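Quick notes on the structure that follows.
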Amino acid sequence: MLRGALIGCGFFAVNQLHAWRDVAGARIVALCDRDGERLQGAGRRFGIDRLYDDAAALFAGERLDFVDIATTVPSHRPLVELAARHSVPVICQKPLAATLEDAAAMTAACAAAGIPMMVHENFRWQTPIQAVGRIIASGRIGEVFWGRVSFRSAYDVFSGQPYLATGERFIIEDLGIHMLDIARFLFGEVDRLTARTRRVNPAIRGEDVATILLGHSSGATSIVDCSYATRLETEPFPETVIEVDGSHGTIRLQQGYRMIVTDRSGTERYDAAPRLLPWAEPPWHAIQESVLAIQQHWADCLRTGHEPATSGRDNLKTLALVDAAYRSAETGWAITPEPPA
Ligand code: NAD
Ligand code: 89V
């Protein structure tokens, strides 16, 4: 059984802690948070009594097979580098870092220490999105020439995550990052990108609408669009809507997790909804199920020695798209994403 510790017992870590209880072959034996109340609260809720208010003390006091970092961005680099200095394999929440330079230094530190590193980039692990990936990979709709990955909502994310309202950057860095990762997962790497952003909600600092046009190495074109300023008849949060056109057919993942696949033999429609895990709470259940899936993937990779799908190395390519999108929005230019080597 792999022994893990979790650092950062805040809003989202609760999902990670629930999911760790369901992961086969791993368990969380210690917790760390510099906020004593949150630390004690999570310890009581999840029956974990080895509690640390300082990450250095955690590494000094525990024998760990991995550490799961669920803090916000400013602490990611120091904590990942601390894990690397102790040669402890590390998972870090998205966004890995605020700059490509920091992200590259973090992945280099883990590589130099010879430890596996995974970014908790969970959206691609959602059941309906994995299903879209499998249909494309099967060849059923032929060669993909166009796609769209879309997330439009008016959900109040700021009540649970108040820091999202205060940063200079918002939707691309926090949510677009998931959409860009899904676009890479489904349509492959990106050669060229153009983005437009705007802020509709006057109460926040960063952009809450983004539209990004991607040119993929395969020749496919895709659109990633996201908004937290879009009021709809039925609030879709946190659903990702996906459209894919291929040479032999199409895939439509519509709101309500309705999957429609059309190929040369006709149209198939089915319900692609995620499972409602016993601890999950709609509308978050699609995300919560993906947390279990990515954490099980990590445990399996640690056991078998495989590189995780969203390893630090892989995630630099998603972060390069985030960086390119902001540069394009600022300058109006089409940008070639440049992931660090
Ligand atoms: P939060 O502010 O609610 O929780 C962060 C916790 O980390 C706090 O309790 C804080 O005291 C603790 N912390 C910060 N620095 C620390 C340090 N150096 N040592 C020990 N503890 C420290 O934040 P959150 O909303 O839970 O977000 C955490 C991360 O999860 C962010 O990076 C966010 O983008 C990400 N997130 C991911 C998803 C997803 O689906 N993947 C969803 C929501 C949030
Ligand atoms: O997944 C996330 O990173 C979250 C949310 C879905 C609310 O944008 O911040």
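What ³J(HN,Hα) values, in whole Hz, does the Karplus curve 6.51 cos²θ - 1.76 cosθ + 1.60 give for segment 230-244 when θ = phi - 60°, with x put for Gly and Pro?
Listing the rounded values in order: 10, 8, 10, 4, 10, 5, x, 3, x, 7, 9, 9, 10, 10, 9 Hz.
What is the spin-label model distance, in nm, from T304 to Q255 if the labels are put 7 Å beyond Cα along the C-beta direction?
Using points 7 Å along Cα→Cβ, the separation is 3.8 nm.
Divide by every residue of the chain the summed helix terms, -39500 (n - 2.57) for each DSSP H run of at least 4, and state the resulting mean residue ellipticity at 222 nm, rounded to the nearest 500 deg cm²/dmol. Display every interim value, and only then the final one.
Values: 9 runs with 115 residues, N = 341.
Estimated from H runs of four or more residues: -10500 deg cm²/dmol.
Quick check on segment 233-279: of the DSSP beta bridges with both residues there, what percent are antiparallel, nearest 5%?
Values: 15 of 15 bridges.
DSSP beta bridges in segment 233-279 are roughly 100 percent antiparallel.
Ignoring any ligand, DNA or RNA, what whole percent of the accessible area of the chain comes from carbon and sulfur when the probe is 1.4 angstrom? It would help to have the intermediate numbers written out before the result.
Numbers: 7380 of 14670 Å².
For the chain, the apolar C and S fraction of the accessible surface comes to 50 percent.
Can you give the relative contact order of segment 31-88 as a percent, counting alpha carbon pairs under 8 Å and 6+ residues apart? All intermediate terms of the calculation are to be shown ahead of the outcome.
Working: 44 pairs, mean separation 16.7, N = 58.
That works out to 29 percent.
What is segment 2-115's relative contact order, in percent, from Cα pairs under 8 angstrom and six or more apart in sequence?
Values: 191 pairs, mean separation 28.2, N = 114.
Worked out over segment 2-115, it gives 25 percent.
Please list the three semi-axes, largest first and in whole Å, of the ellipsoid equivalent to the chain, using sqrt of 5 times the eigenvalues of its alpha carbon gyration tensor. Intermediate results must be reported in sequence, preceding the final value.
Numbers: eigenvalues 207, 98, 86 Å².
Ellipsoid half-lengths, sorted descending, are 32, 22, 21 Å.
May I ask you to list the residues of segment 27-46 whose amide nitrogen lies under 14 Å from a point 7 Å from Cα along the Cα→beta-carbon direction of Y163?
33-35
How far apart, in nanometres, would the label points at R264 and A137 be if each is projected 7 angstrom from Cα along the Cα-to-Cβ direction?
Between R264 and A137, the label points sit 2.3 nm apart.
Residue by residue through segment 254-269, what is 3J(HN,Hα) from phi via Karplus (6.51 cos²θ - 1.76 cosθ + 1.60, θ = phi - 60°)? Round to whole Hz and write x for glycine and proline.
Karplus-based 3J(HN,Hα) across segment 254-269 equals 9, 4, x, 6, 8, 9, 10, 10, 10, 10, 5, 9, x, 10, 10, 10 Hz.
Quick one: accessible area per residue over the chain, 1.4 Å probe, rounded to a whole number of Å²? Don't jump to the answer; show the numbers that get you there.
Details: 14670 Å² over 341 residues.
Per residue, the chain has an accessible area of 43 Å².
For the chain, what are the DSSP H helices with axial Cα length of 18 Å or more and mean Kyte-Doolittle hydropathy of at least 0.5? Don't skip to the answer; put the middle values down first.
Values: long enough: 100-113 (20 Å, 1.06); 285-304 (28 Å, -0.11); 312-331 (28 Å, -0.40).
Helices meeting the span and hydropathy rule in the chain are 100-113.
Under 8 Å for C-alpha pairs, at least 6 residues apart: give me the relative contact order for the chain, rounded to a whole percent. Walk me through the intermediate numbers first.
Values: 727 pairs, mean separation 62.8, N = 341.
For the chain, the relative contact order is 18 percent.
Using θ = phi - 60° and the Karplus curve 6.51 cos²θ - 1.76 cosθ + 1.60, what whole-Hz ³J(HN,Hα) does each residue of segment 192-202 get, with Gly and Pro shown as x?
Per-residue couplings from phi come out as 8, 8, 10, 9, 10, 9, 7, 10, 9, 6, x Hz.
Using C-alpha positions alone, give me the convex hull volume of segment 2-115 per residue in cubic angstrom.
Looking at segment 2-115, the number lands at 91 Å³ per residue.
The values are calculated or read from the model by the stated rules, or taken from the named source; none is laboratory data. On a predicted model such as this, the values are computed, not experimentally measured, just so you know. Here the Cβ is made from the backbone with ideal geometry for all residues, glycine too, and neighbour counts use every protein chain on show. Each accessible area value is taken on the protein alone, full model and side chains, heavy atoms only, with ligands, DNA and RNA left out. Shrake-Rupley method; radii C 1.70, N 1.55, O 1.52, S 1.80 Å.
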